[in-house]
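J.: Dropping the structure in here first, questions after.
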Amino acid sequence: MSDVARRTATDSFWWPATVTPWVRGLAVASLLTNSLLILTGGLVRLTGSGLGCPTWPRCTADSWTSTQEMGVHGLIEFGNRLLTFVLTVVAVLTFLSVLKLRHEHPKLFRLALFLLIGIPLQAVIGGITVHADLHPLVVGVHYLISAIMISLATLLVLNTRRDGLSVVAYEQRPGQLHGSRSAARVLGALTGVLTAVILYLGTLVTGTGPHAGDEDSARLTFDSVMIARAHAIPVYLLTFTVIAGIALTVVKSLPRILRNAYLIMAVVIVAQALLGYYQYFNGVPVPAVALHMVLSAVLIWAATRVVSFSVYLAQDTHEYAAPIDEPADDAARATPAHTVR
């Protein structure tokens with residue numbers, strides 16, 4: 001029996017032996033649900049519902065769910081906790097979908113495993129946040145873990161597409177950066193590091209501001225003007241880095257996929273900067289803060305794509321993975337197909 005026939009015989013919808021549309025769809029679902037958690041968490045804080053469920057893991061000492069007496073705050077906080085179950089279902093299905101692929105595609109298996117482990121970790125940090133009365137530093141850790149989860153989910157989406165679609169595998173094949181590998185890697189690394197610094201300082205800005213999640217919650221004692229300016233410095237540096245990345249891809253005629261990733265990053269930075277200044281000069285209104293948090297998830301996604309493409313395309317090889325379950329396009333057929341490890 002040929003390799004193709006053997007894989008077809010052992011394949012199934014839930015536990016496929018190849019990177020199928022089901023696997024790619026679950027990767028996208030992981031990205032969307034983890035991004036949604038940032039929005040619902042932001043709504044909890046912005047509506048003052050952080051202690052709507054005053055205990056953990058129960059919502060109250062006597063109930064796992066919110067009660068009518070707890071009002072809208074209890075409903076919002078319980079809804080945010082309920083999203084954890086959706087995340088768990090998606091994470092379990094995603095992990096099962098790559099279980100048979102763990103030898104042929106170990107990166108997919110590791111990413112799915114980390115995403116699965118991250119769910120209970122987030123739940124525990126959420127419990128600590130409640131018991132710490134929404135201390136801003138603990139809330140910040142809760143957010144940063146969500147940021148890591150979004151980044152991992154983005155990598156899962158990118159890798160399932162590379163491993164499951166021959167056209168994408170050919171378009172993103174390594175070895176296309178020629179003499180610009182070092183420059184691309186440095187700019188990609190700077191993009192990732194500066195984005196991480198911006199996210200961390202953003203949690204300090206939020207922890208210093210008025211939206212604590214509950215009116216009795218503690219706030220950080222930074223000077224609000226100084227911490228906002230400190231937050232802006234890496235934003236300027238990131239802007240210069242992205243401009244340099246765009247210039248490099250244009251001048252050196254680097255792959256379109258990398259140039260487009262930088263362009264998307266530039267659009268997100270401009271949108272976030274404009275929104276940030278609007279918040280600063282208008283007393284941080286709730287709708288603007290909520291949109292700022294949504295865009296922070298988009299920023300994480302965009303930065304992860306830049307870093308991933310900068311690293312992957314800079315590999316010193318012309319080999320690429322051509323999936324056996326989908327036909328390669330004409331350009332891909334003209335190139336020998338080997339598996340990248």
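J.: Could you please let me know if Leu155 is within 30 Å of Thr88 (Cα to Cα), assigned to a helix (DSSP H, G or I), in contact (Cβ under 8 Å) with a residue 12 or more places away in the chain and assigned by TED's automatic domain parsing to the domain that holds Leu31?
T.: Working: within 30 Å of Thr88 (Cα to Cα): yes; assigned to a helix (DSSP H, G or I): yes; in contact (Cβ under 8 Å) with a residue 12 or more places away in the chain: yes; assigned by TED's automatic domain parsing to the domain that holds Leu31: yes.
So Leu155 fits the description; yes.
J.: Could you pull out the residue among Pro174, Pro234, Pro210 that is farther than 18 Å from Gln315 by Cα, modelled with pLDDT of 90 or more and of a type outside the set (A, V, I, L, M)?
T.: Checking each option against the conditions leaves just Pro234.
J.: Counting only residues that are outside any helix (DSSP H, G or I) and not charged (D, E, K, R), which one in region 82-118 is surrounded by the fewest Cβ atoms within 10 Å (Cβ to Cβ)?
T.: Quick first cut of region 82-118, residues outside any helix (DSSP H, G or I) only: 98, 102-105.
Retained after the next criterion (residues that are not charged (D, E, K, R)): 98, 103, 105.
Details: Val98: 28, His103: 7, His105: 23.
Among residues in region 82-118 that are outside any helix (DSSP H, G or I) and not charged (D, E, K, R), the one surrounded by the fewest Cβ atoms within 10 Å (Cβ to Cβ) is His103.
J.: Considering each residue of region 224-251, count those that are touching a helix residue (DSSP H, G or I) at 6+ places or on another chain (Cβ under 8 Å) and over 14 Å from Gly188 (Cβ atoms), and give that number.
T.: Counting residues in region 224-251 that are touching a helix residue (DSSP H, G or I) at 6+ places or on another chain (Cβ under 8 Å) and over 14 Å from Gly188 (Cβ atoms) gives 12.
J.: I'd like to check something: does region 164-171 contain any residue that is within 20 Å of Thr40 (Cα to Cα), assigned by TED's automatic domain parsing to the domain that holds Ser97 and surrounded by 18 or more Cβ atoms within 10 Å (Cβ to Cβ)?
T.: No: zero hits.
J.: I'd like the residue in region 123-151 that is closer than 19 Å to Val89 by Cβ and crowded, with 19+ Cβ neighbours inside 10 Å and, out of all such residues, is modelled with the lowest pLDDT.
T.: Per the stated criteria, the residue is Gly126.
J.: Here is a check on your reading of the model: is Arg110 out of contact with any helix residue (DSSP H, G or I) (no Cβ under 6 Å at 6 or more places or on another chain) and of a type in the set (Lys, Arg)?
T.: On the way: out of contact with any helix residue (DSSP H, G or I) (no Cβ under 6 Å at 6 or more places or on another chain): yes; of a type in the set (Lys, Arg): yes.
Against the criterion (out of contact with any helix residue (DSSP H, G or I) (no Cβ under 6 Å at 6 or more places or on another chain) and of a type in the set (Lys, Arg)), Arg110 qualifies.
J.: Would you confirm, using the coordinates I've provided, whether Ala261 is out of contact with any strand residue (DSSP E or B) (no Cβ under 7 Å at 6 or more places or on another chain), among the aliphatic types (A, V, I, L, M) and either at pLDDT 85 or above or over 27 Å from Leu36 (Cα atoms) (or both)?
T.: yes
The values are calculated or read from the model by the stated rules, or taken from the named source; none is laboratory data. Just so you know, these numbers come straight off a predicted model, no measurement behind them. Neighbour counts run over all protein chains shown; Cβ positions are idealised from the backbone, glycine included.
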